[in-house]
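Student: I have a structure here, written as structure tokens, and I will follow up with some questions on it.
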Amino acid sequence: MDAMVSARVPVEIKKRGDSKLKEIGSSATELVNSAYEYVIEWGRLPGSEPTKKPVTPQVKVLSGDDARIFEHTWSKREVLEAKGYDGSNFKDALNQARDDYYARFA
């Protein structure tokens with residue numbers, strides 16, 4: 001069984017809309033069904049901006065023991081520099097690769 005939907009639409013919009021619907025071989029019934037399906041799937045009206053929920057920053061306060069462990073671990077970190085087979089660092093290897101690549105176009 002289908003439900004009946006009733007809506008108020010400005011006369012000029014209805015005329016123009018009916019004309020376009022006829023042009024594309026559709027009907028007001030298909031339009032309304034499509035609009036309902038869109039709202040069900042996307043949770044908003046067609047053409048409207050998606051609802052953006054404000055992002056609340058989450059802050060976790062570490063307990064005394066956790067804070068000490070984190071501080072100790074953080075202080076022991078080190079950043080390793082990648083070395084090439086010939087002992088060159090990444091920056092030098094990248095620059096050499098660029099030089100080799102662009103030399104083909106010279």
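Student: Could you work out [θ]222 nm for the chain from helices alone, using -39500 (n - 2.57) per DSSP H run of at least four and dividing by all its residues? Round to the nearest 500 deg cm²/dmol. Kindly include the intermediate steps, with their values, before the conclusion.
Tutor: Working: 4 runs with 54 residues, N = 106.
Taken over the chain, the calculation gives -16500 deg cm²/dmol.
Student: In terms of Cα to Cα distance under 20 Å, which aspartates and glutamates are near enough to LYS15, apart from those fewer than 8 places away along the same chain?
Tutor: Straight-distance partners of LYS15: GLU23, GLU30.
Student: Turning to a different aspect of this structure: For the chain, what log10 I(q)/I(0) values come out of the Debye formula at q = 0.22 1/Å, with one point per alpha carbon and no solvent?
Tutor: Per q value, in the given order, log10 I(q)/I(0) is -1.21.
Every number in this text was worked out from the coordinates using simple rules, so none of it is lab data. It should be emphasised that the depicted structure is a prediction, and the values quoted were computed from it without experimental measurement.
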